[in-house]
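Inspection log for the structure reproduced underneath, given as structure tokens.
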Amino acid sequence: MKVRKALTIAGSDSGGGAGIQADLKTFQELGVFGMSALTAVTAQNTLGVHGVYPMTAAAVEAQIEAIGQDMGTDALKTGMLFSGEIIQSVAKKIEEFGWKKVVIDPVMVAKGGASLLREEAIRAMKEFLLPLAMVITPNIPEAEVLTNMLIQSIDDRKRAAKKLYELGVKNVVIKGGHSDNEETLIDLLYDGRDFLYFTSRRIPTKNTHGTGCTFAAAVTAELAKGQGVKEAVELAVNYVHAAIEMDLQIGKGHGPTNHWAFKRKEAAADAIYK
Ligand SMILES: Nc1ncnc2c1ncn2[C@@H]1O[C@H](COP(=O)(O)OP(=O)(O)O)[C@@H](O)[C@H]1O
Ligand SMILES: Cc1ncc(COP(=O)(O)O)c(N)n1
């Protein structure tokens, strides 16, 4: 059996709920061999970000180079990239190795409000990275920054998705966690032709730390396994939903999600239908 591989280029969350830790847990749970290139170390817990210690762009390049030269990858995702310089290095390496299954989670601020991306980096992201993306997965505030639009309605979101598509992204997912609907939420996928709506029940919880990272990592793992974008997004919606639903109650603030939950739910369903 051929083992599929996925690479995450992202920041470390010492609290284990978001960033590289969330990505690797998700890769593992979805049966994909996970690799990482660290862009920054954060001192972080469920109460917030207490420090950000970026890597040099050369160190980020060296990590990607080491992976590309030897192991290669079937898909990759980016998370916290911190600076325009790191973004340019990452884009250069993606092009150099010819990687196509590229998922960009344009991480900008942590749930507590701490900045994980410098202001100057937004231009670099649009210019160098977005044209290389197979999928981009902004939440509503990130989509607003990238498009210079105010997004309130679903129609606004559709317009924003079209704008992002025009920047060269092949598939745009604008996630609905930040919408003001208290009952349901919609993750919207646009592939340049059709809009697809993934509707789920909003779970009343404060434990949503790392949902965005987990979502993008699940999309990446599924693409690595050879799934299409639509199937990968659908699975990611279900994976994150299970992870939020069976939360772990860890820490005093916004706790992490449960990366085991999806497989446990699947195993329970298998036992019922056997
Ligand atoms: N309270 C919630 N209940 C159910 N699903 C949620 C909830 N909050 C977020 N999600 C889901 O988690 C994923 C990430 O959503 P979002 O909060 O928009 O992104 P981010 O974590 O990047 O801010 C999406 O699939 C969204 O539908
Ligand atoms: C290192 C790192 N990367 C990304 C996030 C975003 O996480 P969230 O899903 O809570 O917005 C984070 N808090 N820390």
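Taken together, the values in this text are just the output of simple stated rules run on the coordinates, not laboratory data. It should be emphasised that the depicted structure is a prediction, and the values quoted were computed from it without experimental measurement. Every residue, glycine among them, receives a Cβ derived from its backbone with ideal geometry; neighbour counts consider all protein chains shown.
Within segment 83-106, residues that are in a loop (DSSP other than H, G, I, E, B) reach partners that are among the β-branched types (Val, Ile, Thr) and buried (at least 21 other Cβ atoms within 10 Å of the Cβ) with beta carbons closer than 7 Å, at six or more positions or on different chains, in the pairs 99/73; 105/78; 105/137; 106/136. Of the set (1) farther than 18 Å from residue 138 by Cβ; (2) within 13 Å of ligand 2 (Cβ to nearest atom); (3) surrounded by 17 or more Cβ atoms within 10 Å (Cβ to Cβ), all apply to residue 53 but (3). Taken across segment 109-121, residues that are surrounded by fewer than 24 Cβ atoms within 10 Å (Cβ to Cβ), charged (D, E, K, R) and assigned to a helix (DSSP H, G or I) do not occur at all. Within segment 179-194, one or more residues are away from ligand 1 (no atom under 12 Å from the Cβ) and either closer than 21 Å to residue 10 by Cα or surrounded by 14 or more Cβ atoms within 10 Å (Cβ to Cβ) (or both). Checking each residue in segment 218-244 for being buried (at least 24 other Cβ atoms within 10 Å of the Cβ) and touching a Lys or Arg at 6+ places or on another chain (Cβ under 6 Å) picks out 220, 223, 224.
Test residue 251 against the criterion of being within 21 Å of residue 80 (Cα to Cα), over 17 Å from the mean Cα position of the chain (by Cα) and touching a residue at least 24 places away in the same chain (Cβ under 8 Å), and give yes or no. Step through it out loud before you land on a result.
Numbers: within 21 Å of residue 80 (Cα to Cα): no; over 17 Å from the mean Cα position of the chain (by Cα): yes; touching a residue at least 24 places away in the same chain (Cβ under 8 Å): yes.
Judged against the criteria, residue 251 is not a match.
Which one is nearest to residue 267 (Cα to Cα), of the residues in segment 2-54 that are within 16 Å of ligand 1 (Cβ to nearest atom), outside any loop (DSSP other than H, G, I, E, B) and of a type in the set (Gly, Ala, Ser)? Filtering first and then ranking leaves 22. Looking across segment 201-236 at every residue that is part of a helix (DSSP H, G or I) and among the charged types (D, E, K, R), the one that is nearest to ligand 1 (Cβ to nearest atom) is identified as 234.
Which of the residues spanning segment 152-210 are in contact with a His (Cβ under 9 Å, 6 or more places away or on another chain) and more than 16 Å from ligand 2 (Cβ to nearest atom)? Selection gives 200, 201.
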